[in-house]
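The values are calculated or read from the model by the stated rules, or taken from the named source; none is laboratory data. All of these numbers come straight from a predicted model, not from anything done at the bench. Heads up, the Cβs are rebuilt from the backbone with ideal geometry, glycines too, and the neighbour counts pull from every protein chain shown. We work out accessible area using only protein heavy atoms, side chains counted, and drop any ligands, DNA or RNA first. Shrake-Rupley method; radii C 1.70, N 1.55, O 1.52, S 1.80 Å.
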Amino acid sequence: MGNALGVVGGYIDLLLYNQDEFIKRAEEILKKYNYKFRLLRFRQYSEIIKTFND
């Protein structure tokens, strides 16, 4: 849907129809990178749903 750059990092907006399947597939892809990724809800001060490469 979109993206943005913030003070702390970059953000990518996604619409997920199956969150569990997304997490399963994202874990395989994101483990190749040496960066921390977080999945959050689309609202200010949202709780973290999942952290990748922690």
Completion exercise
Those residues of segment 15-38 which are outside any helix (DSSP H, G or I), open to solvent by less than 100 Å² (accessible area, probe 1.4 Å) and either of a type in the set (Asp, Glu) or out of contact with any helix residue (DSSP H, G or I) (no Cβ under 7 Å at 6 or more places or on another chain) (or both) amount to 18
Handout entry: Answer residue from segment 42-52, given it is closer than 17 Å to residue 8 by Cα and in contact with an Asp or Glu (Cβ under 9 Å, 6 or more places away or on another chain) and is surrounded by the most Cβ atoms within 10 Å (Cβ to Cβ) among those
Key = 52
